[in-house]
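Have a look at the structure below, then the notes.
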Amino acid sequence: MHNDNGFTLLEVMAAFVIAALATIILYKAGFDGAAETATAARYQQAVVRAQSRLASIGALTPLHAMRAHGDDGGGFSWQINIVPGQSVGPLTLYAVQVTESFGNRHVTLSTQRLGPTT
């Protein structure tokens, strides 16, 4: 009669390899999740910056045909594109587009504003 009281070296090695692979997969998922969280935070920051810049158009930035761009700091850059549309008397409907970029990603917000005909 044969009595098995333990594991063979091959069984221990197989269990170690499985545990190591599971650990690697969990670490990768954790690091990928952290990277996606950082990217989502940058997108949120870009949206807030674009909303702020869009809100200033018409109040701080005069409405007229223009294309402008600049550095927003912190790795962000902006671009404004204002295109006049249909005019009715002294008023013109302007298409306004603001793009906030970071790295190779960008957020674009668009609206229309009513302003004086130039």
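Among the numbered conditions (1) in contact (Cβ under 8 Å) with a residue 12 or more places away in the chain; (2) in a helix (DSSP H, G or I); (3) among the aromatic types (Phe, Trp, Tyr), tell me where PHE31 comes up short.
(1)
Which condition from (1) surrounded by 13 or more Cβ atoms within 10 Å (Cβ to Cβ); (2) on the phi < 0 side of the Ramachandran plot; (3) touching a strand residue (DSSP E or B) at 6+ places or on another chain (Cβ under 7 Å); (4) not hydrophobic (A, V, I, L, M, F, W, C) is the one that GLY58 breaks?
That leaves (2) as the condition not met.
Of all residues in the stretch 64-116 being in contact with a helix residue (DSSP H, G or I) (Cβ under 9 Å, 6 or more places away or on another chain) and among the small types (Gly, Ala, Ser), which is surrounded by the most Cβ atoms within 10 Å (Cβ to Cβ)?
Across the stretch 64-116, the extreme among qualifying residues is SER101.
Do the conditions hold for ALA20, that is, is it in a helix (DSSP H, G or I), under 30 Å from SER77 (Cα atoms) and either within 36 Å of the chain's Cα centre (by Cα) or among the hydroxyl-bearing types (Ser, Thr, Tyr) (or both)?
Against the criterion (in a helix (DSSP H, G or I), under 30 Å from SER77 (Cα atoms) and either within 36 Å of the chain's Cα centre (by Cα) or among the hydroxyl-bearing types (Ser, Thr, Tyr) (or both)), ALA20 does not qualify.
Every number here is computed from the coordinates shown, using simple stated rules; none is lab data. Here the structure is a predicted model, which means the values were calculated and not measured. Heads up, the Cβs are rebuilt from the backbone with ideal geometry, glycines too, and the neighbour counts pull from every protein chain shown.
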